[in-house]
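Quick one: the structure is below, questions incoming.
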Amino acid sequence: MRMSRMFGKTLRNDPTEAELASHRLMLRAGMIYQASAGIYSYMPLALRSLRKIEQIIREEMDAAGAQEVQMSALQPLEFWDLSGRSEAMGSELFRLHDRRERPLVLAPTHEELLTYMVKANVHSYRDLPLIIYQIQTKFRDEPRPRGGLIRVREFDMKDAYSFDVDQDGLDVSYDAMAQAYRNIFSRCGLETIEVEADSGAIGGKDSTEFILVAGAGEDTVVICPSGDYAANAEKAVFAKPQQDTEPLLPIEEEHTPGIKTIEELCDFLNESPRKTLKAVFYMAAGELVFVVIRGDLEVNEIKLSNVLGGAPDLRLASPEEVSAHGITAGSASPIGLTGIKVVADDSVDMGSNFLAGANKPDYHVRNANHHRDFEADIVDDIALAQPGDSCEKCGTQLEMRRGIEVGHIFKLGTRYSDVLEAHYPDESGEPHLILMGCYGIGVGRLLGAAIEQNHDENGMVLPATIAPYDVSLVALNMQNETVAQSAQALYDELRSAGLEVLFDDRNESAGVKFNDADLIGLPVRLVVSQRNIREGVVEAKPRSSSDAETVAAADVVGKVKSMLAG
């Protein structure tokens, strides 16, 4: 491709609206065009990379025994009502009506539709197992689209779904998809880590995220340096510090004038936060929820939502909502309260004789104890892992990393086959629910993440397998007939050898051409100049190296292939 004819222009300066390096570099390189917040069109350079990523995905999916389909993006809302996800997805679900006022959605994922398709086509246990996949556009009305292709409202995604007769079969399909994902990321030149994750609105019990570690990532992952554990912060568990067991002491009231926070209380009474119980108030489904957690810990709202049954509208309660229930914020505890749902972190049972609110202004109590002085409706792990916490498996201090989710796999079980009545008959004709798995990769996000992991101060450093072209051919002084002819001959030779070449034939200065070559970040740069022609050589340089070398003109094709292989 000649750059003089390529659709899209490079920019000299950084776009002011770009926060992440990948967003900034893709805009500067003319790879994407923004139509609105979170809505992008792919220019030729980006599309070539995306097609290469898709081809790698297809090859690995096919190798794992999956079959490709293409499902409709437009779906009846009733599918989503039946599964319960029209409510769970909330405002992220794009809704519309056709001319007959029938409600429809633009699908953010395809579990419901494919379950119906399998239900119509699986008539025996002999028809299973199945793994079906597609690469197709999805729609999610993200509240805060950001970072170019990292979080968008319209995106291309590979979503795959497995269907099995039993748990053992689901485990086999899940492991096969996990290995296919490892192969995909490796072939795309990316380093990822696998972490335990929350399943969110997709549902199911077990899920694993593939995280590309990047400082600009929006996910926080918790990692044990010993390699024993890794999880998304939304899911992470940790060893909560235990306290010495003490005999239960009688409750004593303490005057605490003006004290409203755990920090103030501990300073005033010279106690450790670990010896306190903290009250946090939430609203869920229009109901006030009183959350109790040990004072040295913080509430993980994803865990809290899950123990409440996946409350999609969970939020902190306002002071007015708390006071409307007769509760004194800053001096509150569940002691003596009735008619309010109480959710306690399991840390309330890791110690005794806690400081807690007295439920009246300017007073707290000593020696509050779960079961003796109050009962929680739900007791579970709802604590947020933080730096310095200990690994539950080996006791090593956990570390926090920022990262970008590039893949997510789920064991759905019968989450959808149950509500949508997808069965298979066994050998005796007895119906059984089909067990499902779900496996997703955001294609555009993977490209954005690859740039986040592979760039320098001059531009992108794209892995060879997903770069839009193999070679950046730079001709200096195209007005010179000898240079123009030599560059054209090399361009033809490289293409005849099966190499993909971006030929900078523009009448621009050497500085502009070199800057654009670095910005676009193709794996190999070749330079044709009058001096090189006189010496019978071509300058060759890998994008990942600062050192160029001269190569005999007759050896250029072999050298480029060697650089690409390396």
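The values are calculated or read from the model by the stated rules, or taken from the named source; none is laboratory data. Please read these numbers as outputs of a predicted model, since none were measured by experiment. Positions of Cβ are generated from backbone atoms using ideal geometry, with glycine treated the same way; all protein chains shown enter the neighbour counts. To get the accessible areas, we keep the full protein, side chains included, count just its heavy atoms, and leave off ligands, DNA and RNA. Shrake-Rupley method; radii C 1.70, N 1.55, O 1.52, S 1.80 Å.
Of all residues in region 420-462, which are open to solvent by less than 50 Å² (accessible area, probe 1.4 Å) and in contact with a Pro (Cβ under 8 Å, 6 or more places away or on another chain)?
TYR424, PRO425, ALA450, ASN454, LEU462
Here's something else I'd like to know. If only one of THR220, THR256, THR261 is among the hydroxyl-bearing types (Ser, Thr, Tyr), surrounded by fewer than 13 Cβ atoms within 10 Å (Cβ to Cβ) and touching a residue at least 12 places away in the same chain (Cβ under 8 Å), which one is it? Working first, answer last.
On the way: THR220 fails: surrounded by fewer than 13 Cβ atoms within 10 Å (Cβ to Cβ); THR256 fails: surrounded by fewer than 13 Cβ atoms within 10 Å (Cβ to Cβ).
Only one candidate qualifies: THR261.
With VAL299, VAL292 as the choices, which residue is among the hydrophobic types (A, V, I, L, M, F, W, C), touching a Leu at 6+ places or on another chain (Cβ under 6 Å) and at pLDDT 95 or above?
Values: VAL299 fails: touching a Leu at 6+ places or on another chain (Cβ under 6 Å).
After applying the criteria, what remains is VAL292.
Going residue by residue through region 87-110, is there one that turns out to be assigned to a helix (DSSP H, G or I), over 19 Å from VAL152 (Cβ atoms), at pLDDT below 95 and not acidic (Asp, Glu)? I'd like the intermediate steps shown before the answer.
Of the residues in region 87-110, the ones assigned to a helix (DSSP H, G or I) are 87-92.
From the residues that got through so far, the ones that are over 19 Å from VAL152 (Cβ atoms) too are 87-88.
From what's left, at pLDDT below 95: 87-88.
If we keep only those that are not acidic (Asp, Glu) too, we end up with 88.
Yes, that holds for at least one residue.
Look at GLN485 and say whether it is more than 24 Å from the chain's Cα centre (by Cα), part of a loop (DSSP other than H, G, I, E, B) and more than 30 Å from HIS408 (Cβ to Cβ).
Numbers: more than 24 Å from the chain's Cα centre (by Cα): yes; part of a loop (DSSP other than H, G, I, E, B): no; more than 30 Å from HIS408 (Cβ to Cβ): yes.
Taking the combined requirement at face value, the residue does not satisfy it.
Pairs needed: first member in region 37-60, within 16 Å of LYS158 (Cβ to Cβ); second member anywhere, open to solvent by 30 Å² or more (accessible area, probe 1.4 Å) and in a helix (DSSP H, G or I); C-beta distance under 9 Å; at least 6 residues apart or different chains.
Final answer for the pair search is ILE56/ASN183; ILE56/ARG187; GLU59/ASN183; GLU59/ARG187; GLU60/GLN179; GLU60/ASN183; GLU60/ARG187.
Taking region 377-390 only, how many residues are open to solvent by less than 20 Å² (accessible area, probe 1.4 Å) and at pLDDT 95 or above?
Quick first cut of region 377-390, residues open to solvent by less than 20 Å² (accessible area, probe 1.4 Å) only: 382-383, 385.
From the residues that got through so far, the ones that are at pLDDT 95 or above too are 382-383.
So the count comes out to 2.
Additional query: Need the failing condition index for GLY357 against (1) in contact with a His (Cβ under 7 Å, 6 or more places away or on another chain); (2) open to solvent by 40 Å² or more (accessible area, probe 1.4 Å), just the number.
(2)
Conditions (1) in a loop (DSSP other than H, G, I, E, B); (2) closer than 27 Å to ARG153 by Cα; (3) modelled with pLDDT under 95, marked per residue:
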| site | (1), (2), (3) |
| --- | --- |
| GLY395 | yes, no, yes |
| GLU405 | no, yes, yes |
| PHE410 | no, yes, yes |
| TYR424 | no, no, no |
| GLY429 | yes, no, yes |
| ILE441 | no, yes, no |
| ARG445 | no, yes, yes |
| ALA464 | yes, no, no |
| VAL474 | no, no, no |
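Something else about it: Any idea which residue in region 189-212 is most open to solvent (accessible area, probe 1.4 Å), counting only those that are in contact with a helix residue (DSSP H, G or I) (Cβ under 8 Å, 6 or more places away or on another chain) and modelled with pLDDT of 90 or more?
GLU191
Show me the strands (runs of 3 or more DSSP E) entirely contained within region 303-388 in which 1 or more residues are under 23 Å from GLN242 (Cα atoms) and within 38 Å of the chain's Cα centre (by Cα).
Working: elements: 341-345, 354-357, 363-368, 378-380.
Filter on region 303-388 gives 341-345, 378-380.
Follow-up. Suppose we keep only residues that are in contact with a Ser or Thr (Cβ under 8 Å, 6 or more places away or on another chain) and open to solvent by 30 Å² or more (accessible area, probe 1.4 Å) within region 516-536. Which one would you say is nearest to GLY189 (Cα to Cα)?
By that ranking, first place goes to ARG525.
Something else now. Taking region 488-509 on its own, how many of its residues are in a helix (DSSP H, G or I), of a type in the set (Ser, Thr, Tyr) and under 21 Å from GLY521 (Cβ atoms)? Please lay out each step first, then the result.
First, pick out the residues of region 488-509 that are in a helix (DSSP H, G or I): 488-496.
Now drop any that are not of a type in the set (Ser, Thr, Tyr), which leaves 491, 496.
From what is left, the residues that are under 21 Å from GLY521 (Cβ atoms) are 491.
So the answer is 1.
Any residue in region 360-371 that is within 15 Å of ALA236 (Cα to Cα) and in contact with a strand residue (DSSP E or B) (Cβ under 7 Å, 6 or more places away or on another chain)?
Going through region 360-371, the residues within 15 Å of ALA236 (Cα to Cα) turn out to be none.
Within region 360-371, not a single residue is within 15 Å of ALA236 (Cα to Cα) and in contact with a strand residue (DSSP E or B) (Cβ under 7 Å, 6 or more places away or on another chain).
Can you tell me which residues in region 17-33 are in contact (Cβ under 8 Å) with a residue 40 or more places away in the chain, not in a helix (DSSP H, G or I) and not hydrophobic (A, V, I, L, M, F, W, C)?
Selection gives GLU19 alone.
Would it be correct to say that SER186 is open to solvent by less than 30 Å² (accessible area, probe 1.4 Å) and of a type in the set (S, T, N, Q)?
The answer is no for SER186.
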